[in-house]
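The values are calculated or read from the model by the stated rules, or taken from the named source; none is laboratory data. Just so it is clear, the model here is predicted, and its values are computed rather than measured. For neighbour counting, all protein chains shown are included, and Cβ atoms are generated from backbone atoms with ideal geometry for every residue, glycine included.
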Amino acid sequence: MTESHSFPVDLLYTKEHEWTRIEGFTAQVGITEYAAKTLNDVVYVSLPSIGAKLKQLGTFGTIESIKAVSELYSPLSGTVRKVNSELLTHPELVNKSPYGEGWIIEIEISNLAAEKPALLDHSQYSAFVASIGKQ
Amino acid sequence: MKRTPLYDFHAAHGKLVEFAGYEMPIWYSSISEEHLAVRNRAGIFDVSHMGRVVVSGADATPFMERLLPTSSSSQPVGKSFYTLLLNSSGGIIDDIIVIKRQEDYLLVVNAANRAKDIEHIKNIAGHFAVDIRDITDDTTMIAIQGPEAIQALQPLTSANLPEVKRFTHTQSQVGKSVCTMTRTGYTGEDGFEIILHDSGIRDSSAASSVWSALATRAAPCGLGARDSLRIEAGLPLYGADIDETTNPIEAELSWVLSKGKTGYVGDDSITIFKTTPPQRLRRGIIMDDKIPRRGFIITDLSGRQIGETTSGTFSPLLRKGLAIGYISAPDSQVGGTVQVVVRGSPSGGKIVKMPFYDDAAYGWKRTR
């Protein structure tokens, strides 16, 4: 299958296939289109509690497809301020709109400058995905 | 890595994974869509990776009587039956379909067990006048499954499909290919498994044209949907739900043991299993909300371990998590409430009879 992926330029990415959209002290987090396609049908997303403290690249939940379960890793340290509770009844939004309605959590971040170098920009992430495809 | 004759289609349209040494499609579009296409309409699967072995010769029937716990001589030519290869301890070497043809027996075995099964079959063959021939690479096998499978397949064949009853087969042709068509499957639905005799890995052109013709009438489905469909139907998967450490009684497969039959490999052990109450039984569990996976602990409501899951999935039809597993016999009553430990958290579920779906509404026994 010829795979094409879209990786928006305004997002930062992890090697665990999460994305984050940073606006001031808020970072929205979801999984990339590549991850959503690889999982295939997302059928369950477990969400953290509001107020939960997350560490950069620490797990904050799980996402399940029909066949498999994967951990979710936070791109940045921070405090969970919002969760996308639509996903509890409509987990398929992660497949339909991974960068939009399929967002998973929003965190308040505090240490962006120190943590940003550990994240990938869109071109680094797309090179990373291409290297996985060749393995 | 091995490829089936239909590899080019899978590579062009599907997501490939390694399965039993073959590059196989796990899905083409979405596991859910493919799964529901089979439950509601029709789907096609490339099952060419499964092993196909022909047993022929003067002693073919006495040999099959020695090999299998299911009587072969009492089956009429034309039957296709599900049975087990057993070891001398009564453990399950493989679960197979036997197609009893005019001249021979055609055995369909699990891909991962093909070499092991052939070795076992040859060991048992000993002094019997039989010829054992592996025709896997010289043939192609396609399953078409679903309530509309017959309608989708009929225009491509001269066989009168409604006349071929469940668990029987016919020798016919599909397109220009000579084939064995057996009304069996691994989804719970009606349909056929078609073995094309004129097309294998060295000449895939006839198989490709049959597949292409079918693909316009039924949804191509990958191994992902094949697994979720067989779990919903309560059908065991070799290597997950059954293996050499499970016996047919605890696996709830004692119906394959022909009544009164002796003289087959494993029969002494089977006699003991039959007369001793089983320690554990294979059961289906439907979850309240969580999704169980293979290898999860099953407990009673007090948290005492009573078993372990051997398969798990999310059911696209029922929108619930389903598990197959073994539960200690005293705790295994259908209707009982249990917990499955999902990544540390005990999650509620109920023991139910399989198939998991309402068999008046879905599956080959459907009445509406």
State all residues of segment A:89-135 that are of a type in the set (Ser, Thr, Tyr), assigned to a loop (DSSP other than H, G, I, E, B) and within 14 Å of the chain's Cα centre (by Cα); if no residue qualifies, say none. A:SER97, A:TYR99
Any chance B:LEU36 is in contact with a Pro (Cβ under 7 Å, 6 or more places away or on another chain) and touching a residue at least 24 places away in the same chain (Cβ under 8 Å): yes
First in segment B:304-324 and farther than 13 Å from B:ARG230 by Cα and not assigned by TED's automatic domain parsing to the domain that holds B:VAL338, second anywhere and assigned to a loop (DSSP other than H, G, I, E, B) and polar (S, T, N, Q), Cβ under 7 Å, 6 or more apart: none
Per the filter on segment A:41-56, residues within 11 Å of chain B (Cβ to nearest Cβ) and either part of a loop (DSSP other than H, G, I, E, B) or in contact with a His (Cβ under 6 Å, 6 or more places away or on another chain) (or both) are A:ASP41
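Quick grid of which residues meet (1) farther than 27 Å from B:GLU232 by Cβ; (2) surrounded by 22 or more Cβ atoms within 10 Å (Cβ to Cβ); (3) in contact with a His (Cβ under 9 Å, 6 or more places away or on another chain):
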{"site": "A:VAL9", "(1), (2), (3)": "yes, no, yes"}
{"site": "A:TYR13", "(1), (2), (3)": "yes, yes, yes"}
{"site": "A:GLU16", "(1), (2), (3)": "yes, no, no"}
{"site": "A:GLY58", "(1), (2), (3)": "yes, no, no"}
{"site": "A:ILE66", "(1), (2), (3)": "no, yes, yes"}
{"site": "A:LYS82", "(1), (2), (3)": "yes, no, no"}
{"site": "A:PRO91", "(1), (2), (3)": "no, no, no"}
{"site": "A:VAL94", "(1), (2), (3)": "no, yes, no"}
Looking at (1) within 12 Å of the chain's Cα centre (by Cα); (2) of a type outside the set (Phe, Trp, Tyr); (3) under 30 Å from B:VAL17 (Cα atoms), which one does A:VAL43 not meet, given that it meets all the others? (1)
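Conditions (1) in a strand (DSSP E or B); (2) touching a residue at least 60 places away in the same chain (Cβ under 8 Å); (3) within 14 Å of chain B (Cβ to nearest Cβ), marked per residue:
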residue	(1), (2), (3)
A:GLY61	yes, no, yes
A:LEU72	yes, no, yes
A:LEU76	no, no, no
A:LYS82	yes, no, no
Would you mind stating whether B:SER32 is surrounded by 21 or more Cβ atoms within 10 Å (Cβ to Cβ), of a type in the set (Gly, Ala, Ser) and not in a loop (DSSP other than H, G, I, E, B)? yes
In segment B:59-115, how many are assigned to a helix (DSSP H, G or I), of a type in the set (S, T, N, Q) and either in contact with a His (Cβ under 6 Å, 6 or more places away or on another chain) or within 16 Å of B:THR184 (Cα to Cα) (or both)? 0
All-but-one check, A:LEU112 against (1) without any contact (Cβ under 8 Å) to a residue 40 or more places away in the chain; (2) farther than 22 Å from A:VAL42 by Cβ, failing number (1)
Taking segment B:10-59 and keeping residues in contact with a Phe, Trp or Tyr (Cβ under 6 Å, 6 or more places away or on another chain) and more than 10 Å from chain A (Cβ to nearest Cβ) leaves B:ARG39, B:HIS49, B:VAL55, B:ASP59
Of all residues in segment B:329-359 being hydroxyl-bearing (Ser, Thr, Tyr) and under 25 Å from the mean Cα position of the chain (by Cα), which is nearest to B:GLU232 (Cα to Cα)? B:TYR357
